[in-house]
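*Asks:* Here's a structure for you.
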Amino acid sequence: MKKTILLLAAGLAALASPAQAQARAECDTVTEFLRTGVEVRNCPMSLRVTAVTDSILRVRVAPDGKFPEDASWVVPQALRSSSKAAVKPMDGGFETAALSVTVNPLTLQVTVKDRQGQVIVADTEEPVIVAGTRFAIRKLMPASEHYYGLGDKTGPFDRRGASYINWNTDAYGFDRGTDPIYKSIPFYIATGGPAGAYGLFLDNTWRSGFDFGHRVEGTLMVGADAGPIDYYIIAGPSVADVVRRYTDLTGKAPLPPRWAMGFQQSRYSYMSETEVREIAGRLRSDRIPADVIWLDIDFQDRNRPFTTNPQTFPDLKGLAKEVGQQGFKLVTITDLHIAHAPNQGYAPYDSGVASDQFLKNADGSTYVAPVWPGPSVFPDFTRKTSRDWWGSLYKTFVDDGIAGFWNDMNEPAIFETPTKTMPLDTVHRIEGDGFASRTATHAEIHNVYGMENGRATYEGLLKLRPNVRPFVMTRASFAGGQRFAVTWTGDNNSTWDHLKLAVQQMLNLGLSGFAWSGADIPGFTGGASPELATRWYEIAAFTPVYRSHAAKNTPRGEPWVDGPEHLAIRKRFIEERYRLLPYFYALAEQSSRTGDPVMRPVFYDYPALAKAPCDPAMAFTVGRDLLVAPSPKPESTHPYDVCMPGAAWFDYWSGLPVNAAQKEGPSFEVVTETPRLDRLPVFVRAGAIVPRQPLVQSTAETPNGPLDLHVYPGQDCQGTIYWDDGVSVRGPSLRQTVRCTLGKDGIMLHFDKREGTYKPWWKQIAVTVHGWSGPARVRGLSDVQTDAQARTVRFVLPDQKRPADYVLSRF
């Protein structure tokens, strides 16, 4: 799998010879200014740079002077073919309101600067190298830059000094050095350069490689085996700017159903309806909040998708109804391999053959290969008709009340072959999506096959339930796959290093557009120690998807398996997840509009922390207001430092202001934590207003009591309340911003006008103000409670539908 990187770094580099450069320098060059940018032609190569927006550039290179078909599986045609930028020609290039672009007509070097003249990204002297169908583009790497993204790759958190292959691969039991793994997201973010952050997205589905100065120091190389030289430069200056603009191009992750934010229990496999009932009963009898039970492949008849085992799961509809009455949803697996079962009455196979939905060998015969059901055939997801057919297969499960679906093995994984996937000459038939109708080999389609599988499932569910948010989980995907499915990090290991790696993978997934991801708790393979499992449950409570899942022939992973002491700790963190659901839900809705990740690296909202002395390997924020700070060596009991941005933070658990052990200037402060198994350091930004709710056992249960609003006074003091029915694609909602203003003798709490018509479950709002000392009064309220030890003030208001101000004062 390292062949591509070696070629990019060594074989292609040999083409960048002085003779080649001299030959091109002697060519006649033509520069043509376009309405949206510039095109330069140089013997025979052509380069076109256009502005998609004032801050997003598209770069296309035609090695033979003829640009290929302008089509994409990721970027909509409307964005590719039009521009919202005000483009102004200038000597050697053009400028927009945010950027200036110059192209050297002799070398085709592209340099992008901000309007202050700072370089955002620049090419090397020989920027494009071509050898047959293969190509590489080369960028300069300033010494100060660091690199993130590429989805859930292994290796170091910062990609600098490493190289990677994009080729979706079934990577069971992967470790930190395994590459490639399940997903291909050819997008990175550079930060720390002279002009701040930028991103680069290569819109090419073939096997590709990214080398961040690994082979050639100071040179960043991006290339592919074949396909178009077509990439986007996305300017910042902040990392958040880049992520938002990248998701403007590739799509936002839609708002999931609210139940998907609860705790989810799975195993490979729960073997019968009886076992599922036992799991549901134990969760409820132990009062462990939970929303979802997952069914892996053994619920099926002979591992055949869209079937159920008639002996062990004789009444799936009845089971879904029964556990649904306890507040549980069922999510079932539907792998994309259809059993090759002629004349056996297996409906998915029969209907697929009748309508010609399956992939072909190069000789035109149907491609058949072994996977879980034995010999299997595979839908041709590059055809709209095949995606529509696939989506229709879910009707029976939807009618039975199954709430969500899990697309696994969709790299695609194939058994009994050293490549772990299908032959590269397997034939796909491309129809629609702006492409000219044609056939394509698997070498071109492989990396988008899993994404198109998730798309077919998502779109099919929307047709079957037009106003219900689909929940789809996928293992393999591509850039833009966040539009259709949440994801997880695959078949991880029950080790301390994998816990650390999981945090880094989910952070890079968030930076790569996948706001919703998770990692199997407490590791899929191997079996975790009680201490590792408990720590994993704690940290995962603050990650987007909170799912426990373990393999066959490994110790059980359910919360109760290691006895009452560990259960008590795990249960407390699961409960805290449910209390925080209003905060998570408001973040989810924000993410669906902006593209901001839910789980973020600390430098996302606090760039100063990129230069802080603390190890950032495990710290992350949930939104901008919660800072989660496990030990960077999670297996260690030694004290460690936590760097916090700004001047003031609160301890989430005690609610008390944090007293920094040492100041590190105005940018951040440092506190020292000593690891304890029953404590995960979590801090709240001074200035945050965090909505919480009374504890429930599932999201199907209506909270009993007021909405809790926790106010942590400080600068930029605000928070958001968002709520709706939790499932509808279209329907009423409410959104309200709450602010606080600090005065000399108190605090003014201001409720903005509420947007939307949704009627929430709460009738009152209980306000808790932290960091308060002395007496307290709120004009118009008689019941104002203070707690000198906790340094809080609490008072209850009627639900605030209209703008209102409340002044908390000491006299």
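The values are calculated or read from the model by the stated rules, or taken from the named source; none is laboratory data. Small disclaimer: the values here were computed from a predicted structure and weren't measured. As a convention, Cβ positions derive from the backbone with ideal geometry for all residues, glycine included, and neighbour counts pool all protein chains shown.
*Asks:* Of the conditions (1) under 25 Å from residue 449 (Cα atoms); (2) touching a strand residue (DSSP E or B) at 6+ places or on another chain (Cβ under 8 Å); (3) not aromatic (Phe, Trp, Tyr), residue 77 satisfies every one except a single condition; which number is it?
*Replies:* Every listed condition holds for residue 77 apart from (2).
*Asks:* Out of (1) among the basic types (Lys, Arg); (2) loosely packed, with under 15 Cβ neighbours inside 10 Å; (3) assigned to a loop (DSSP other than H, G, I, E, B), what's the single condition that is false for residue 304?
*Replies:* (2)
*Asks:* Can you pull out every residue in segment 83-97 that is surrounded by fewer than 19 Cβ atoms within 10 Å (Cβ to Cβ) and part of a loop (DSSP other than H, G, I, E, B)?
*Replies:* First, pick out the residues of segment 83-97 that are surrounded by fewer than 19 Cβ atoms within 10 Å (Cβ to Cβ): 84, 86, 88-92, 97.
Residues satisfying the conditions are 84, 86, 91, 92, 97.
*Asks:* Still on this structure, please answer the following. For segment 692-717, name all the residues that are closer than 25 Å to residue 283 by Cα and either among the β-branched types (Val, Ile, Thr) or in the same structural domain as residue 572 (by TED's automatic domain parsing) (or both).
*Replies:* Within segment 692-717, 696, 699, 702 meet the criteria.
*Asks:* State all residues of segment 387-432 that are assigned to a loop (DSSP other than H, G, I, E, B), more than 18 Å from residue 183 (Cβ to Cβ) and touching a helix residue (DSSP H, G or I) at 6+ places or on another chain (Cβ under 8 Å); if no residue qualifies, say none. If you could, list the steps in order and put the result at the bottom.
*Replies:* Just the residues of segment 387-432 that are assigned to a loop (DSSP other than H, G, I, E, B), to begin with: 393-394, 400-403, 408-426.
The next check asks that each one be more than 18 Å from residue 183 (Cβ to Cβ); those that pass are 393-394, 400-403, 415-418, 423-426.
If the condition is that a residue be assigned to a loop (DSSP other than H, G, I, E, B), more than 18 Å from residue 183 (Cβ to Cβ) and touching a helix residue (DSSP H, G or I) at 6+ places or on another chain (Cβ under 8 Å), then 393, 394, 400, 401, 402, 403, 423, 424, 425, 426 are the ones that fit.
*Asks:* Right, another one. Sort out which residues of segment 368-406 are of a type in the set (Gly, Ala, Ser) and in contact with a strand residue (DSSP E or B) (Cβ under 7 Å, 6 or more places away or on another chain), and write them in order of number. Break it down stepwise before answering.
*Replies:* Step one: filter segment 368-406 for residues of a type in the set (Gly, Ala, Ser), giving 369, 374, 376, 386, 391-392, 401, 403-404.
Passing the criteria: 369, 374, 376, 386, 403, 404.
*Asks:* Is it the case that segment 678-694 has a residue that's surrounded by fewer than 18 Cβ atoms within 10 Å (Cβ to Cβ), within 23 Å of residue 290 (Cα to Cα) and hydrophobic (A, V, I, L, M, F, W, C)?
*Replies:* Filtering segment 678-694 down to residues surrounded by fewer than 18 Cβ atoms within 10 Å (Cβ to Cβ) leaves 678-679, 694.
Pick out the ones that are also within 23 Å of residue 290 (Cα to Cα) and you get 678-679, 694.
Filter once more, keeping what is hydrophobic (A, V, I, L, M, F, W, C): none.
Taking every residue of segment 678-694 in turn, none turns out to be surrounded by fewer than 18 Cβ atoms within 10 Å (Cβ to Cβ), within 23 Å of residue 290 (Cα to Cα) and hydrophobic (A, V, I, L, M, F, W, C).
*Asks:* Is it the case that segment 347-367 has a residue that's under 27 Å from the mean Cα position of the chain (by Cα) and modelled with pLDDT of 95 or more? Break it down into steps so the answer makes sense when it comes.
*Replies:* Step one: of segment 347-367, the residues under 27 Å from the mean Cα position of the chain (by Cα) are none.
No, segment 347-367 contains no residue that is under 27 Å from the mean Cα position of the chain (by Cα) and modelled with pLDDT of 95 or more.
*Asks:* Just for segment 137-195: of the residues that are touching a helix residue (DSSP H, G or I) at 6+ places or on another chain (Cβ under 8 Å), among the polar types (S, T, N, Q) and within 22 Å of residue 549 (Cβ to Cβ), which one is surrounded by the fewest Cβ atoms within 10 Å (Cβ to Cβ)?
*Replies:* 154
*Asks:* Shifting gears a bit: Which of (1) in a loop (DSSP other than H, G, I, E, B); (2) surrounded by 14 or more Cβ atoms within 10 Å (Cβ to Cβ) does residue 330 not meet, given it meets every other one?
*Replies:* (1)
*Asks:* Please go through (1) small (Gly, Ala, Ser); (2) assigned to a loop (DSSP other than H, G, I, E, B); (3) buried (at least 21 other Cβ atoms within 10 Å of the Cβ) for residue 450 and return the number of the only condition it doesn't satisfy.
*Replies:* It fails just one condition, (2).
*Asks:* Here is a list: 145, 126. Which entry is over 30 Å from residue 477 (Cβ atoms) and touching a residue at least 12 places away in the same chain (Cβ under 8 Å)?
*Replies:* Numbers: 145 fails: over 30 Å from residue 477 (Cβ atoms).
After ruling out the rest, the residue left standing is 126.
*Asks:* Just one of (1) farther than 28 Å from residue 409 by Cα; (2) within 23 Å of the chain's Cα centre (by Cα); (3) buried (at least 24 other Cβ atoms within 10 Å of the Cβ) trips up residue 220, so point out which.
*Replies:* Single failed check for residue 220: (2).
*Asks:* Checking the condition modelled with pLDDT of 95 or more, within 18 Å of residue 599 (Cα to Cα) and of a type outside the set (Ser, Thr, Tyr), which residue from 567, 580 passes? Lay out the reasoning, then the answer.
*Replies:* Working: 567 fails: within 18 Å of residue 599 (Cα to Cα).
Just one listed residue meets the conditions, 580.
*Asks:* Look at segment 788-811 and say how many of its residues are outside any strand (DSSP E or B) and under 14 Å from residue 777 (Cβ atoms). Talk me through it step by step, then tell me what you get.
*Replies:* Narrowing segment 788-811 to residues outside any strand (DSSP E or B): 788-791, 799-803, 810-811.
Next cut, under 14 Å from residue 777 (Cβ atoms) only: 810-811.
Of the residues in segment 788-811, 2 are outside any strand (DSSP E or B) and under 14 Å from residue 777 (Cβ atoms).
*Asks:* Sticking with this structure for a sec: If you check every pair at least six apart or on different chains, which have Cβ atoms under 6 Å apart with a residue in segment 310-336 that is within 22 Å of residue 257 (Cβ to Cβ) first and a residue that is among the basic types (Lys, Arg) and modelled with pLDDT of 95 or more second?
*Replies:* 326/284
*Asks:* Those residues that are hydrophobic (A, V, I, L, M, F, W, C) and surrounded by fewer than 20 Cβ atoms within 10 Å (Cβ to Cβ), I need them from segment 241-272; list them, please. Write out each step before concluding.
*Replies:* We begin by selecting, within segment 241-272, every residue hydrophobic (A, V, I, L, M, F, W, C); these are 242-243, 249, 253, 255, 259-261, 263, 271.
271 - this is the single residue of segment 241-272 that is hydrophobic (A, V, I, L, M, F, W, C) and surrounded by fewer than 20 Cβ atoms within 10 Å (Cβ to Cβ).
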